[in-house]
Amino acid sequence: MSQDQNETAASATVDHEGHEAAFGALLASFSTCFARSETRETFARMTRGMLMELEDVNCWSLAEAIGERGPHRLHHLLSRAVWDEQAVLERTALWAVNLLDDGDGVLIADETGDAKSSRDAVAAARQYSGSVGGVDLCQVAVHLTFATATGHCLIDRRLYFTREWAGDEERRELTGVPDELCFTTKPQLAAHMLRAAGLQGISASFFLGDEVYGGRELRTTCRELGLGYVVAVRSNHQVTTPAAKLTAARAAARLPKRAWERMRTGTGQKGVRDDDWAMIEVTADDTPDGHDPDTGTSVLLEAYSRGFTSPFCRR
């Protein structure tokens with residue numbers, strides 16, 4: 001099937017009338033977020049442009065796509081117009097969650113980088129980002145995703161400031177960074193977003209994260225919020241088993257062969273992937289103050305594929 005045929009087949013499955021009705025209802029829910037009707041209309045037009053399949057997405061390309069004479073209205077919307085962008089984000093998140101929620105949703109934290117050509121951008125610094133392929137000059141933001149079997153959507157984000165950038169008063173003043181935005185670790189940013197989601201009434205069964213988000217502080221936050229979690233931990237992470245206190249790697253090494261069970265992990269570019277798994281019951285080290293330490297179960301999952309990974313789980 002050619003690319004044109006693929007696009008034709010895909011377009012045939014889109015309910016354009018339903019999409020327009022849903023999109024219109026969402027825009028209508030933002031009416032109180034804008035001080036002027038002109039600003040609300042510019043926002044609506046810009047949002048429609050951002051949903052188009054454009055090669056480059058910037059104010060110039062968006063203006064051309066939506067029929068503006070130039071990018072000036074879009075620049076004004078983003079830099080000077082009065083509107084409550086936080087309220088717009090929160091209402092959009094709730095709208096999307098309500099569409100996707102099947103009663104078994106999960107919240108996922110991860111970060112992504114945006115390469116920059118200049119340090120003038122807020123929080124731009126030489127730092128690691130998997131999405132840019134290593135250490136480079138980039139902005140990094142931590143995102144929170146709500147996911148179900150139906151689909152997934154980003155519901156929150158926080159810009160990450162390196163300690164050096166956050167402490168540079170001159171750059172902060174030049175770029176207009178508010179005083180309340182300071183150095184905060186990625187797990188702490190994730191915790192802020194989990195609490196905010198809870199205040200919005202967004203509920204989930206589990207929180208998921210890679211080893212960046214496997215520390216005790218964030219796991220304790222999950223337990224405070226009544227969330228189960230599945231997070232990766234480093235091989236030198238210390239756990240307490242009924243037999244001894246040891247690292248995740250040593251715990252895996254002590255397992256007998258009969259403890260491992262082969263299970264299908266998923267399907268990727270190279271086809272179906274089967275990994276060997278083992279589960280070790282451990283003592284929780286993240287009980288919040290005032291909580292019963294015996295509530296729930298904590299386990300260390302050991303997976304063997306191209307090396308050991310150790311998800312730490314609690315239900």
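For F161, list long-range residues whose amide hydrogen, built 1.01 Å from N in the peptide plane, is under 5 Å from its own amide hydrogen.
T184
With θ taken as phi - 60° and the coefficients 6.51, -1.76 and 1.60, list the Karplus ³J(HN,Hα) couplings across segment 169-177 in order, rounded to whole Hz; mark glycine and proline as x.
With coefficients 6.51, -1.76 and 1.60, one gets 4, 5, 5, 4, 5, 5, 9, x, 6 Hz.
Straight-line reach from K245: which lysines have Cα under 26 Å away, leaving out those fewer than 8 places along the same chain?
Cα-Cα hits under 26 Å: K257.
Taking one equal scatterer on every alpha-carbon of segment 238-295, how large is log10 of I(q)/I(0) by Debye at q = 0.16 1/Å?
Once normalised to I(0) and log-transformed, intensities are -0.70.
With charges set only on the Cβ (+1 for Lys and Arg, -1 for Asp and Glu), what does the dipole of segment 226-267 come to about its Cα centre, in debye to the nearest 20?
200 debye
Rounded, prolate or oblate: which fits segment 202-315, taking a ≥ b ≥ c as square roots of the Cα gyration tensor eigenvalues, rounded meaning a/c under 1.5, else prolate when a/b beats b/c?
oblate
For segment 129-235, what class follows from the C-alpha gyration tensor (a ≥ b ≥ c being the square roots of its eigenvalues): rounded when a/c is under 1.5, otherwise prolate if a/b is larger than b/c, else oblate?
Cα axes put segment 129-235 in the prolate bin.
Using the alpha-carbon atoms, what tilt in degrees (0 to 90, nearest 10) does helix 3-12 show relative to the longest principal axis of the chain?
Computed tilt is about 90 degrees.
Over segment 59-179, what number does the Rg to Rh ratio reach, with both radii from the alpha-carbon atoms and Rh per Kirkwood?
1.02
Can you give me the angle between helix 186-199 and the longest principal axis of the chain, using Cα atoms only, in degrees from 0 to 90, rounded to the nearest 10?
70 degrees
Which one, L199, A253, T265, projects farthest toward the positive side of the charge dipole computed for the chain from Cβ point charges (K/R +1, D/E -1)?
Toward the positive end, the furthest listed residue is A253.
Can you tell me, using C-alpha contacts under 8 Å and at least 6 residues apart, the relative contact order of the chain as a whole percent?
Relative contact order comes out at 11 percent.
Quick one: angle between helix 37-50 and the longest Cα principal axis of the chain, in degrees between 0 and 90, rounded to 10, please.
Once rounded, the angle reads 60 degrees.
In whole percent, how big is the carbon plus sulfur part of the accessible area of the chain, probe 1.4 Å, protein atoms only?
Accessible surface attributable to carbon and sulfur in the chain totals 50 percent.
Excluding ligands and nucleic acids, what accessible area in Å² is computed for D104 using a 1.4 Å probe, to the nearest 10?
Here the accessible area works out near 100 Å².
Output ³J(HN,Hα) for segment 259-266: one whole-Hz value per residue in order, computed from phi by the Karplus curve 6.51 cos²θ - 1.76 cosθ + 1.60 with θ = phi - 60°, and x for Gly and Pro.
So the J values, rounded to whole Hz, are 7, 8, 10, 7, 9, 6, 8, x.
Put +1 on the Cβ of each Lys and Arg and -1 on the Cβ of each Asp and Glu in the chain; which of V140, T175, G67 then has its Cα farthest toward the positive end of the dipole?
V140
Residues with beta-carbon under 9 Å from that of M193, excluding M193: net charge, scoring Lys, Arg +1 and Asp, Glu -1?
Neighbourhood net charge equals +2.
Please compute the per residue accessible area over the chain with all protein chains in place, 1.4 Å probe, rounded to a whole number of Å².
On the way: 19390 Å² over 315 residues.
Heavy-atom accessible area per residue stands at 62 Å².
In the chain, with Lys and Arg counted as +1 and Asp and Glu as -1 at Cβ, which of these residues, L94, T297, F30, has the Cα nearest the positive end of the dipole, that is, farthest along it?
Farthest towards the positive end: T297.
Under 21 Å Cα-Cα from K186, which lysines qualify once same-chain neighbours fewer than 8 residues away are excluded?
Within the straight-line limit of under 21 Å, K186 reaches these lysines: K116.
Bin by bin, in steps of 10 Å, what percent of the Cα pairs in the chain do you find, going until the bin that has the longest distance?
5, 18, 28, 26, 15, 6, 1, 0
The values are calculated or read from the model by the stated rules, or taken from the named source; none is laboratory data. Remember, it's a predicted structure, so these values are computed and weren't measured experimentally. With ideal geometry, Cβ positions are generated from the backbone for all residues, glycine too; neighbour counts draw on all protein chains shown. All accessible areas refer to the heavy atoms of the entire protein, side chains included, with ligands and DNA or RNA removed. Shrake-Rupley method; radii C 1.70, N 1.55, O 1.52, S 1.80 Å.
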